[in-house]
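Worksheet for the structure shown next.
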Amino acid sequence: MNPLYKLFQLNLTEQVILVLRRHWFVFFKKVLIFLIWNAVPLIIYAILNNFFPEILVSYSANTLIIMGISAYYLFLWLVLFNTWVNYYLDMWVLTNQEIIDAKQKGLFNRSVARQPLNRVQDVKAISKGYCQTFFHYGNVEVQTAGENKNFIFEEVPNPFEVADKINDLVRKQIKK
Amino acid sequence: MAIPLYIFLCLYLVLIVVCLIFAFFNIYHIIRFGSLNFTTVFSSFLFLVGIIVTLWISYQWLSPVNWQEAARIF
């Protein structure tokens, strides 16, 4: 059985149509930033080595530098993993009955919102900018009836196909 | 002003403990809310390997240090 049924307590009559996460390029951009930050200690070391070589000769300074670099890389690795967790746990699930918006905002803040398909009023897909156009990703805005705020599927792959899919399912739901 | 190196070691160890606590919560979250599948297990495994390798290399560098020695700050 699909673990999403247990995770989101779906009815057994529901059929999972789409499970969406942000496009892989969104995570890749963060990995690139991580790689740049990786080079910072090397740059600092090169500066010290060239302009203040006497610091690196000192025994205690060397020890402090090793501890600093170790703590820096541990922290950086932790930040990358945290970014991955946020990326992986942010998801949008489309079933034949409802839309589920699960968001992980940081470590201790998770929200899950759901709307039945029959409350969907309008669906809009937006893909803007070079990256989104080239890699075929963008936002899908789902406007719903009532006081609940709109659902936004952020930076999901193939937003226009997703919007079509939601519209199809809404139409089928209305016919029932 | 001279500060013994073991004071910095204590600070470093506190930082490692904080890092490990955050690591635990991250792994807990991904397994609790992402369910137990290949992606979650593999990414957690990769993360733990990274932590262990970093700590092991740090240990190799720091184990011969005489922690009673003082660091002159000013």
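The values are calculated or read from the model by the stated rules, or taken from the named source; none is laboratory data. Just so we're clear, the structure is a prediction, and the values are computed from it rather than from any experiment. Cβ placement follows ideal geometry from the backbone for every residue including glycine, while neighbour counts extend to all protein chains displayed.
Annotations
- Complete set of residues in region A:123-154 that are within 20 Å of A:E98 (Cα to Cα), under 16 Å from the mean Cα position of the chain (by Cα) and modelled with pLDDT of 90 or more: A:N139, A:V140, A:I152, A:F153, A:E154
To keep it simple, each residue is scored yes or no on (1) farther than 21 Å from A:F108 by Cβ; (2) in a loop (DSSP other than H, G, I, E, B); (3) facing chain A (nearest Cβ under 8 Å).
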| position | (1), (2), (3) |
| --- | --- |
| B:I7 | yes, no, no |
| B:Y12 | yes, no, yes |
| B:L20 | no, no, no |
| B:I30 | no, no, yes |
| B:I52 | yes, no, no |
| B:S58 | yes, no, yes |
| B:P64 | yes, yes, no |
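- Filtered residues of region A:143-159 (kept if part of a strand (DSSP E or B), among the hydrophobic types (A, V, I, L, M, F, W, C) and closer than 10 Å to A:Q115 by Cβ): A:F151
- A:N167 passes every criterion in (1) without any contact (Cβ under 8 Å) to a residue 60 or more places away in the chain; (2) within 14 Å of another protein chain (Cβ to nearest Cβ); (3) out of contact with any Gly (no Cβ under 8 Å at 6 or more places or on another chain); (4) outside any loop (DSSP other than H, G, I, E, B) apart from (2).
- The listed residues are A:F34, A:F8, A:F25, and the only one of them that is touching a Cys at 6+ places or on another chain (Cβ under 9 Å) and either closer than 23 Å to B:S44 by Cα or surrounded by 13 or more Cβ atoms within 10 Å (Cβ to Cβ) (or both) turns out to be A:F25.
- Selection within region B:40-50 - within 9 Å of chain A (Cβ to nearest Cβ) and free of Cβ contacts under 8 Å to residues at least 12 places away in the same chain: B:T40, B:L46, B:G50
- Region A:106-117 residues that are more than 14 Å from every other protein chain (Cβ to nearest Cβ), paired with ones that are surrounded by fewer than 15 Cβ atoms within 10 Å (Cβ to Cβ) (beta carbon under 8 Å, 6 or more apart): A:A113/A:N148; A:Q115/A:N148; A:L117/A:N96
- Of note, A:I43 satisfies the criterion of being more than 14 Å from chain B (Cβ to nearest Cβ), more than 30 Å from A:F153 (Cβ to Cβ) and surrounded by fewer than 19 Cβ atoms within 10 Å (Cβ to Cβ).
- Here B:N37, B:N26 are screened, and the one residue that is at the interface with another protein chain (Cβ under 9 Å from one of its Cβ atoms) and loosely packed, with under 12 Cβ neighbours inside 10 Å is B:N37.
- B:F8 vs. criteria in contact with a Lys or Arg (Cβ under 8 Å, 6 or more places away or on another chain) and crowded, with 16+ Cβ neighbours inside 10 Å: no
- Test: residue in region A:51-59 that is facing chain B (nearest Cβ under 8 Å), part of a helix (DSSP H, G or I) and surrounded by fewer than 18 Cβ atoms within 10 Å (Cβ to Cβ): yes
- Tallying residues that are more than 7 Å from every other protein chain (Cβ to nearest Cβ) and touching a Gly at 6+ places or on another chain (Cβ under 8 Å) within region A:60-79 yields 0.
- Only one of the listed residues (A:V31, A:V19, A:V93, A:V26) is part of a helix (DSSP H, G or I) and within 13 Å of chain B (Cβ to nearest Cβ). That residue is A:V31.
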